[in-house]
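Let me begin by presenting the structure, written as structure tokens, before commenting on it.
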Amino acid sequence: MTELRSQKCTPCRGGVPPLSAEQIQALLVQVPGWQVVETDGILRLQRTYKFSNFAQALAFTQRVGDCAEQEEHHPAILTEWGKVTVTWWTHKIKGLHTNDFIMAAKTDVLFQA
């Protein structure tokens, strides 16, 4: 199986069901440190990254944004002093898609950069 971080997002135009609980659990083991949260009845994938200062957090936020633009899949990002919380979900299906896990893996790579 190809590592998630090496995969590309596929366009999601809606009309497909969100991932099942079993599919989510199978993918979640491939992105350690991420957790599934429910907000407004929608499952989302979320992780908070820690930094030494605001400048580092802001630089990471920009890297995540640049990657999101390249993949045409965009997260919610909360940038604070010393931390950034990134939340992925697929708006069109109001839930989790494989793309969200691909982007979570890519986000982890950006953190290590």
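The values are calculated or read from the model by the stated rules, or taken from the named source; none is laboratory data. On a predicted model such as this, the values are computed, not experimentally measured, just so you know. All Cβ positions, even for glycine, are placed from backbone atoms using ideal geometry, and neighbour counts span all protein chains on display.
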Exercise for review: Only residues that are hydroxyl-bearing (S, T, Y), in a loop (DSSP other than H, G, I, E, B) and at pLDDT below 90: list them for segment 1-38, please.
Suggested key: T2, T10
Practice item. Scan T107, T85, T10, T48 and give me the residue that is surrounded by 16 or more Cβ atoms within 10 Å (Cβ to Cβ), hydroxyl-bearing (S, T, Y) and within 15 Å of the chain's Cα centre (by Cα). Key: T107
Revision key, fill the gap. Taking segment 82-113 and the residues there that are among the basic types (K, R) and outside any helix (DSSP H, G or I), the one that is nearest to Q23 (Cα to Cα) would be K94
Study note, to complete from the structure: Selection from segment 51-73 of residues surrounded by 14 or more Cβ atoms within 10 Å (Cβ to Cβ) and assigned to a loop (DSSP other than H, G, I, E, B) yields F51, H73
Practice item. Could you tell me whether segment 67-75 includes any residue that is within 16 Å of A104 (Cβ to Cβ) and touching a strand residue (DSSP E or B) at 6+ places or on another chain (Cβ under 7 Å)? Key: yes
Check your understanding: If you go through segment 78-86 one residue at a time, do you hit one that is modelled with pLDDT of 95 or more and under 21 Å from K8 (Cβ atoms)?
Key -> yes
Check your understanding: What pairs come up if the first residue lies in segment 49-68 and is in contact (Cβ under 8 Å) with a residue 60 or more places away in the chain, the second is of a type outside the set (S, T, N, Q) and surrounded by 19 or more Cβ atoms within 10 Å (Cβ to Cβ), and their beta carbons are under 7 Å apart, counting only those six or more places apart or on different chains?
Key -> Y49/F60; Y49/V84
